[in-house]
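The values are calculated or read from the model by the stated rules, or taken from the named source; none is laboratory data. Quick caveat: nothing in here was measured; it's all calculated off a predicted structure. Cβ sites come from the backbone with ideal geometry, for glycine too, and all protein chains shown count toward neighbours. Accessible surface is based on the protein model in full, side chains and every heavy atom, while ligands, DNA and RNA are left aside. Shrake-Rupley method; radii C 1.70, N 1.55, O 1.52, S 1.80 Å.
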Amino acid sequence: MGQHLVILTRGIDLSVGSNLALASVVGALSFHAGAPATVVIAVMVGCGATVGAINGLFYVFGRLPHPFIITLATLSIAKGLALQLAEGRAIPGMPDSIDALGRDSVWGLPGSVFVVAGVAAMLFVMAKTMVWGRWIYAVGGRPDAALRMGIPVSWVLVSVYVISGLCSGIGSVILAGRTDAGSPLFGNLLELDTIAAVIIGGASFLGGRGHLGHALIGAIMIGVIRNALNLLNVNVFFQLIVIGVVIVIAVESDVLRNYLEGRVRVLQAGRQS
């Protein structure tokens with residue numbers, strides 16, 4: 001969901017996996033230092049949001065040509081920090097409430113489902129009912145026009161990267177609860193899955209187009225594909241190839257859709273004239 005907002009603004013966040021790993025390690029270290037569950041959760045979510053803020057601030061106010069550069073840098077930095085802090089190994093142990101969130105079920109559904117539903121509802125309300133949500137689509141659709149309209153483009157861009165990092169922090173809480181540990185190896189290639197989910201859900205790399213619900217459907221589809229491949233005993237290395245092919249097909253479909261829509265608009269303009 002965080003990646004979805006970033007892609008809506010014509011950006012990309014490659015640091016989500018490393019950000020999640022770093023947040024889990026920081027959370028595990030804070031737990032072993034004696035912090036209560038609420039502080040551990042706050043530390044993990046705050047760590048994720050901090051990395052997201054660094055991405056957004058450096059991209060916007062550092063006047064970088066594309067967010068690919070800073071998010072690729074933070075991918076490496078966050079992974080290195082996680083490995084350094086954890087000394088290259090997993091750190092077992094998490095508060096009971098975090099373990100319960102990752103492992104227990106309510107009404108037959110995993111606790112993580114309710115977390116995802118809560119985050120989705122919050123982001124949906126923000127994107128569809130607040131002016132901020134309209135600004136995101138405006139910035140992604142026509143950034144120059146959005147600037148001329150008086151929209152604070154810079155801070156809109158920073159905000160989506162902060163939310164992307166925040167979502168990574170929330171994801172680290174769920175994953176740490178499922179494994180009862182923090183690990184610098186969490187989130188490997190997670191950025192591929194998030195990008196694939198968003199693009200399969202119909203969002204455009206050209207910005208300004210996409211729906212949060214469709215991104216969730218895309219994430220479910222990625223999960224179904226992986227589960228089906230596992231049930232068929234498909235080699236794990238070949239699964240990476242399949243996900244890569246799915247991304248290429250989804251992006252090419254988006255390009256074809258934009259081309260066809262452009263042709264239709266030209267034909268309609270010709271008929272009107």
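Here ALA219 passes the criteria (1) over 23 Å from VAL119 (Cβ atoms); (2) open to solvent by 30 Å² or more (accessible area, probe 1.4 Å); (3) modelled with pLDDT of 80 or more; (4) of a type in the set (A, V, I, L, M, F, W, C) except the one numbered (1).
Applying the selection to segment 19-42, what residues are open to solvent by 10 Å² or more (accessible area, probe 1.4 Å) and over 23 Å from ALA121 (Cα atoms)? Those that are open to solvent by 10 Å² or more (accessible area, probe 1.4 Å) and over 23 Å from ALA121 (Cα atoms): LEU22, VAL26, LEU29, SER30, PHE31, HIS32, ALA33, GLY34, ALA35, PRO36, ALA37, VAL39. Taking the numbered list (1) more than 30 Å from VAL125 (Cβ to Cβ); (2) in contact with a Lys or Arg (Cβ under 6 Å, 6 or more places away or on another chain) in turn, GLN239 passes all entries but (2). For the structure I just gave you, tell me whether ILE170 is among the β-branched types (Val, Ile, Thr), open to solvent by 30 Å² or more (accessible area, probe 1.4 Å), modelled with pLDDT of 85 or more and in a helix (DSSP H, G or I). The answer is yes for ILE170.
Among the residues here, ASN227 does not qualify as within 27 Å of ASN55 (Cα to Cα), surrounded by fewer than 19 Cβ atoms within 10 Å (Cβ to Cβ) and among the polar types (S, T, N, Q).
Only one of the numbered conditions (1) under 14 Å from the mean Cα position of the chain (by Cα); (2) open to solvent by 80 Å² or more (accessible area, probe 1.4 Å) is violated by ALA196, and that is (2). Tell me which residues, restricted to segment 145-167, are under 23 Å from the mean Cα position of the chain (by Cα) and either open to solvent by less than 20 Å² (accessible area, probe 1.4 Å) or over 9 Å from GLY52 (Cα atoms) (or both). Across segment 145-167, the qualifying residues are PRO152, VAL153, SER154, TRP155, VAL156, LEU157, VAL158, VAL160, TYR161, SER164, GLY165, CYS167. For segment 202-215, check the following and say yes or no: at least one residue is more than 19 Å from MET130 (Cα to Cα), among the hydrophobic types (A, V, I, L, M, F, W, C), in contact with a helix residue (DSSP H, G or I) (Cβ under 9 Å, 6 or more places away or on another chain) and surrounded by fewer than 23 Cβ atoms within 10 Å (Cβ to Cβ). Within segment 202-215 (the criterion being more than 19 Å from MET130 (Cα to Cα), among the hydrophobic types (A, V, I, L, M, F, W, C), in contact with a helix residue (DSSP H, G or I) (Cβ under 9 Å, 6 or more places away or on another chain) and surrounded by fewer than 23 Cβ atoms within 10 Å (Cβ to Cβ)), the answer is yes, since at least one residue qualifies. Which one of these is among the aromatic types (Phe, Trp, Tyr) and within 25 Å of ALA90 (Cβ to Cβ): PHE186, PHE238? Selected residue: PHE186, the only one of PHE186, PHE238 that is among the aromatic types (Phe, Trp, Tyr) and within 25 Å of ALA90 (Cβ to Cβ).
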